[in-house]
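The values are calculated or read from the model by the stated rules, or taken from the named source; none is laboratory data. If you're wondering where the values come from, they're calculated on a predicted model, not measured in any experiment. Ideal geometry is used to build each Cβ from the backbone, glycine not excepted, and the neighbour counts take in all protein chains shown. Protein only, heavy atoms only, side chains kept; ligands, DNA and RNA dropped before computing areas. Shrake-Rupley method; radii C 1.70, N 1.55, O 1.52, S 1.80 Å.
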Amino acid sequence: MPSFHSGSVELSYLDEGEGDPIVLVHGFASSKNVNWAYPGWTSTLTKAARRVIALDLRGHGESTKLYDSEDYHIGTMAGDVRALMDHLNIERADMMGYSMGGRITAYLGQRSPERLRNIILGGIGMGLIEGGGPGENVASALEAASLDDVTDPVGRTFRAFADQTRSDRRALAACLRGSRRLMTRDEAAAIAVPTLIAVGTTDDIAGSASRLAEVIPGSQVLDIPNRDHMRAVGDRVYKDGVLEFLAKRP
């Protein structure tokens with residue numbers, strides 16, 4: 001996989017297909033492959049005549065691992081995404097983020113709207129503003145000696161996922177502690193980029209999609225039926241809804 005440097009941090013990325021670019025930003029403890037390639041997003045979008053760009057965020061996948069939580073602020077990771085666009089000479093693109101990647105995408109939608117045509121916030125609803133989801137319980141689970149030592153159910157879910165993906169758990173714990181900045185209601189209300197909010201109907205981590213849509217002007221909601229936070233990612237309803245949303249946008 002190709003890579004580039006954002007400051008001193010080396011970030012791995014993929015760049016496939018031809019057409020209008022879409023940048024994909026994965027979730028916490030995931031990677032460009034686990035979040036996008038393996039569930040079929042890359043092939044779905046390239047078949048729809050899209051150029052697909054996805055990166056491994058710092059601390060994840062094949063990118064540089066860092067162990068200081070100060071290195072993982074949402075604004076810092078958003079800067080990595082902008083740096084990738086600059087590296088590839090992409091002035092403007094669509095962007096889809098999932099969970100933590102949705103937080104990064106929303107941050108860019110509010111702070112760098114000139115770089116974005118449309119945004120899809122996957123796996124993140126009102127949690128963008130109100131919080132919830134993985135917290136110190138998950139960080140502690142990641143640092144535990146083994147999964148058997150973790151009793152918190154949410155912590156066990158993320159620890160098992162991190163073990164499955166063979167992630168650097170110490171880097172992930174630092175990322176979790178550093179990336180928990182919430183967006184204020186006023187910041188979310190200032191997002192003027194066309195927005196689709198896509199959340200599983202049984203997702204108990206993301207927060208309400210419909211309530212977030214009430215805050216972000218003109219945003220649309222895509223309910224992913226009977227899918228929780230982990231299982232919504234590759235769902236056909238999610239893919240079809242995103243393609244439909246993008247097809248209707250200029």
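Highlighted here are the helices (runs of 4 or more DSSP H) found entirely within the stretch 148-250 that include at least 3 residues which are touching a Lys or Arg at 6+ places or on another chain (Cβ under 9 Å) and under 19 Å from VAL138 (Cα atoms): 153-164, 169-178. Of all the criteria given as (1) open to solvent by less than 20 Å² (accessible area, probe 1.4 Å); (2) closer than 20 Å to ASP168 by Cβ; (3) at pLDDT 95 or above; (4) of a type outside the set (Asp, Glu), the one not satisfied by ALA29 is (3).
Within the stretch 222-236, the residues that satisfy the criterion of being of a type in the set (A, V, I, L, M, F, W, C) and either free of Cβ contacts under 8 Å to residues at least 12 places away in the same chain or open to solvent by less than 60 Å² (accessible area, probe 1.4 Å) (or both) are LEU222, ILE224, ALA232, VAL233.
Pairing residues of the stretch 117-145 that are at pLDDT 95 or above with residues that are of a type in the set (A, V, I, L, M) and surrounded by fewer than 16 Cβ atoms within 10 Å (Cβ to Cβ), at Cβ distances under 8 Å and at least 6 apart in sequence or on separate chains, gives LEU128/LEU182; ILE129/LEU182; GLU130/LEU182. Remark: VAL9 falls outside the filter, which requires a residue to be open to solvent by less than 40 Å² (accessible area, probe 1.4 Å) and in contact with a strand residue (DSSP E or B) (Cβ under 8 Å, 6 or more places away or on another chain).
Residues checked against (1) buried (at least 22 other Cβ atoms within 10 Å of the Cβ); (2) in a strand (DSSP E or B); (3) modelled with pLDDT of 95 or more:
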site	(1), (2), (3)
MET1	no, no, no
PHE4	no, yes, yes
LEU14	no, yes, yes
VAL23	yes, yes, yes
TRP36	yes, no, yes
PRO39	no, no, yes
LEU45	yes, no, yes
VAL52	yes, yes, yes
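Screening the stretch 91-147 for residues that are hydroxyl-bearing (Ser, Thr, Tyr) and crowded, with 20+ Cβ neighbours inside 10 Å and picking the one that is farthest from THR165 (Cα to Cα) gives TYR107. Taking the stretch 155-184 as the range and being among the charged types (D, E, K, R) and buried (at least 21 other Cβ atoms within 10 Å of the Cβ) as the test, only ARG159 passes.
Considering only the stretch 54-90, how many residues are of a type in the set (Phe, Trp, Tyr) and open to solvent by less than 60 Å² (accessible area, probe 1.4 Å)? Please lay out each step first, then the result.
Taking the stretch 54-90 first, the residues of a type in the set (Phe, Trp, Tyr) are 67, 72.
Applying the additional criterion that residues be open to solvent by less than 60 Å² (accessible area, probe 1.4 Å) yields 72.
Here the count works out to 1.
Residues of the stretch 163-185 that are within 20 Å of GLY122 (Cβ to Cβ), touching a residue at least 60 places away in the same chain (Cβ under 8 Å) and hydrophobic (A, V, I, L, M, F, W, C): LEU172, CYS175, LEU176, MET183. Within the set ALA188, ALA192, the sole residue that is of a type outside the set (Lys, Arg), in contact (Cβ under 8 Å) with a residue 40 or more places away in the chain and open to solvent by less than 30 Å² (accessible area, probe 1.4 Å) turns out to be ALA188.
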